[in-house]
């Protein structure tokens, strides 16, 4: 099942996507909620109904009163527009190793010992569309090509072997990064904070695991949980800059959920990112380029740039970078 949230008369509306048409959940069945947040809170009570309705739509049957809305005719929001929290992992060894090699430091052995994550600003979640940035953000502005999961039921101290049962769906995630802000604040061994808190993009849809069963592959040796052979790509202004595969995750989402839930509650609506796929950001690409050629011309995102991300089975996410009308700089406030 593919779920989409769009703006309807000023509020978020949940819909099932079938063959390019959106069908409002609450119009398909009286027990289905109209918002993703309520859908996740009521998951066990409504997921069976929703899947039955989705199957009927795919078979070409629906209530006569329900009219499908072309997906391109509405304003798509983040699939989970008001997440309860947002964490981001660090699951792709290729990306971590390349970034450290480019800085001429050894691969950190702790990467292979346990999965890690950080909390980012869940109030800065957005979907397709414009990404407004302040002047300091444009000081090495970057994208990060990732996938994300959404938790669908409450849990605590969840073993990795059971954790996939708590994953309601998958999405594309762009963990936007202002690298100068990020690197400066992390010199103090805290963060990232201001380098990340202005925008995290998810979308364009929420895809339930049953839609991805044909892509299931074994997790890497010594790891536990579902893994998916899903191609990942990113374009900037129509030029492909990144390519990877979700199956390259060294730590599975199940293992990340195990760590997230240790001594802590995870809740319906929590979003958890995978971390950046190998080649999935300019920071890595620029570092690799300069390592091979000292004259390599670095590339960073600029106002007006169009970023498109695609993950097989999860759709294509479109965003445009825009500059906010402000000259305010927090970098300029640094004490000398």
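The values are calculated or read from the model by the stated rules, or taken from the named source; none is laboratory data. Not measured: the values here are computed from a predicted model. Positions of Cβ are generated from backbone atoms using ideal geometry, with glycine treated the same way; all protein chains shown enter the neighbour counts.
Annotations
- The set of residues in segment 230-240 that are buried (at least 17 other Cβ atoms within 10 Å of the Cβ) and within 16 Å of the chain's Cα centre (by Cα) comprises 230, 232, 233, 234.
- The residues on offer are 258, 243, 325, and the sole one that is in contact (Cβ under 8 Å) with a residue 60 or more places away in the chain and either surrounded by fewer than 21 Cβ atoms within 10 Å (Cβ to Cβ) or not assigned by TED's automatic domain parsing to the domain that holds residue 40 (or both) is 258.
- Residue within segment 94-103 that is touching a helix residue (DSSP H, G or I) at 6+ places or on another chain (Cβ under 7 Å), under 23 Å from residue 259 (Cβ atoms) and surrounded by fewer than 19 Cβ atoms within 10 Å (Cβ to Cβ) present: yes
- The criterion of at least 1 residues that are farther than 30 Å from residue 304 by Cα is met, among helices (runs of 4 or more DSSP H) falling completely within segment 90-199, by 93-102, 160-163.
- Check on residue 115, farther than 21 Å from residue 205 by Cα, buried (at least 16 other Cβ atoms within 10 Å of the Cβ) and touching a strand residue (DSSP E or B) at 6+ places or on another chain (Cβ under 7 Å): yes
- Every listed requirement among (1) more than 21 Å from residue 126 (Cα to Cα); (2) without any contact (Cβ under 8 Å) to a residue 40 or more places away in the chain is met by residue 39 save one, (1).
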